[in-house]
Amino acid sequence: MIPTEAITSGTLNSLLFYFSVMGLLLVFATFLRLKIKVLKKYFIPASLLAGFIGLLLGPYGVKLFSEEMVNTWGALAGILISIVFAPMLMGMKNEKQSGTGKLVGRHLLYSYTGSLLQLSIPLIIASLILIPLFNLNEMFASIIEVGWAGGHGTAAGMIEVYNNLNWSDGASLCVTSATFGIVIGIISGIIMINHGVKKGYTSVIKKPEEMKNKDSDVIPLNNQKSSSVNTLNPDLVEGFAFHAGLISIAILLGWFMQQAIAVFVPGIPLFPMAMIGGYIINMIISRTKYFEMIDVNTMNRIQGIALDFLVLGAVASIQIPIVVEYALPLIILSGITLGMMIWYFYYLGRRFFPEDWFEHSIVHYGAYTGVTAIGLMLLRTVDPEMKTDSGKGFALRAPFYSPFLGGGLITAMVPVLMLSSSSLIVGISSLAILIVLLIIGKLLGLIQKPQEDKKDVPSSNRNVV
């Protein structure tokens, strides 16, 4: 049904005030990040820091911020995720990359392996042990893949799903899971990089001192570069306004698709539908001469703005009593997931990537414990000039992975499937799919014995993917 109710000026004024306070927190957190070395050392994003400050000053802390304000921030996070996802497939060109088939195949299969591990193992363990032991909701274990592989954006978007499925606790638990994941991802990632450099696992960085962060958070004036370009004359329309309009159309298309699908499959959130709406727009406009009007970097800037405020609002609105209630099973499941992801990195990473395995694997580890930005940050720590093909493979696999898992359509449908069957069935099914994919990968030569198990081959004669 199309909304018809009017929004009063008083409500709009409250929204403006609430949003302005979010801006204040974000700027304050930015300066904290600049001044406190430990925050810089561990790459704590200003948006995450701002969220923690909002949580501290909220109704479960010093009570400076009202419950109404904080709840509104949480609701905004659920809306902003559609702005993040809508342009994800817009501006893509169908360009063939020669010689990248195996590279993309390995990264794609490794991506699906990471997400399916976070679906299958936690669901099976939770259904057999944690759910009966702690009397938990059937959907409890779904928060792992949503929070870790999906991140804060997906966690905020899933608020709608869990509310529609009568498990409102899932909203705060997903955001908490995402927060656990990003903190664990940053700290463990830095530790693993230091260990990898000392052990000689890395291909580019050979000494610990080479990976010190020499770049300033404030980019010097003479090094500042344009992060987007004008594709339209400002006399016609402001470029950001035009791109925001395209995103709005994508969300509108997604909204109508959501309403149509809800008749048959209730509970599907808006954000994956908005991403499909963006793909439809891209598919149409890419066939015309107007495709050059889309600037991918401008889309990225809009996504970035929405994501920073989304993370802030999602973290600040965490319901502390709910987290305390589920603390023990959440910690147990998070610990199991961490152990599983370390195995995913060290054991599977060596077998998926015969060359530069550390660089190829670390970007996935960072992305599936934290968010994509953390994965790329860890990659640039060990490969600052992107000399390996790790970043290229990770980027090229995105259109074939992101629409489905790690916050895509399958992620959004998992809680619905769990209620229609059970967490155990969904977990076993996910594990079966994972095993089939690994067998296919082995048969296609995408999974091989690690280098250490092979005879030494001179580096000049190594086969390059």
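For Phe43, the accessible area of its heavy atoms, probed at 1.4 Å with every protein chain present, is near 40 square angstrom. Met340 exposes around 20 Å² of accessible area when a 1.4 Å probe is run over every protein chain in place.
What net charge is computed for the residues neighbouring Thr154, neighbours being all others with C-beta under 15 Å from the C-beta of Thr154, Lys and Arg scored +1, Asp and Glu -1? For residues surrounding Thr154, the net value is -2. Largest first, the residues Tyr110, Tyr290 sort by 1.4 Å accessible area into Tyr290, Tyr110.
Residues Glu67, Glu5, Glu145, Glu355, sorted by accessible area with the largest first, give Glu5, Glu67, Glu355, Glu145 [1.4 Å probe; ligands and nucleic acids excluded]. With the cut-off at under 16 Å, measuring from each backbone N in the stretch 328-359 to a point 7 Å along the Cα-to-Cβ line of Leu128 picks out 333, 336-337, 340. Counting only protein chain heavy atoms and rolling a 1.4 Å probe, the accessible areas of Met386, Met192, Met293 rank, largest first, as Met386, Met293, Met192. With helices as the sole contributors, the chain gives -20000 deg cm²/dmol at 222 nm; each DSSP H run of n ≥ 4 counts as -39500 (n - 2.57), and the sum is divided by every residue.
Find, among the GluC sites (Glu not before Pro) in the stretch 358-457, those assigned to loop by DSSP (not H, G, I, E, B) with at most 11 other beta-carbon atoms within 10 angstrom. Taking the stretch 358-457 and a limit of 11 other Cβ atoms within 10 Å, the loop GluC sites (Glu not before Pro) found are Glu385.
Extension gain, Phe17-Ser422: 0.36 nm per intervening residue step, less the Cα-Cα distance, totals 141.5 nm. Can you figure out the FRET efficiency of Asp235 with Val296, using R₀ = 22 Å and their beta-carbon distance, to the nearest 0.05? Working from the Cβ atoms, E equals 0.40. Ligands, DNA and RNA excluded, the heavy atoms of Trp343 present near 120 Å² of accessible surface to a 1.4 Å solvent probe. A run of the chain free of exposed loop cleavage sites, with trypsin sites (Lys or Arg not before Pro) counted only in DSSP states other than H, G, I, E and B and at most 14 other beta carbons within 10 Å, reaches its longest extent at 97-205. May I ask which of Lys35/Lys198; Lys225/Lys387; Lys102/Lys225; Lys40/Lys199; Lys102/Lys449; Lys40/Lys207 have a Cα-Cα span longer than 23 Å here? Over 23 Å Cα-Cα: Lys35/Lys198; Lys102/Lys225; Lys40/Lys199.
The values are calculated or read from the model by the stated rules, or taken from the named source; none is laboratory data. Because the structure is a prediction, the values reported are computed rather than measured. Because the Cβ atoms are built from the backbone with ideal geometry, glycine has one as well, and the counts that use them run over all protein chains shown. The protein model used for the area step is the full one, side chains on, heavy atoms only, and it has no ligands, DNA or RNA in it. Shrake-Rupley method; radii C 1.70, N 1.55, O 1.52, S 1.80 Å.
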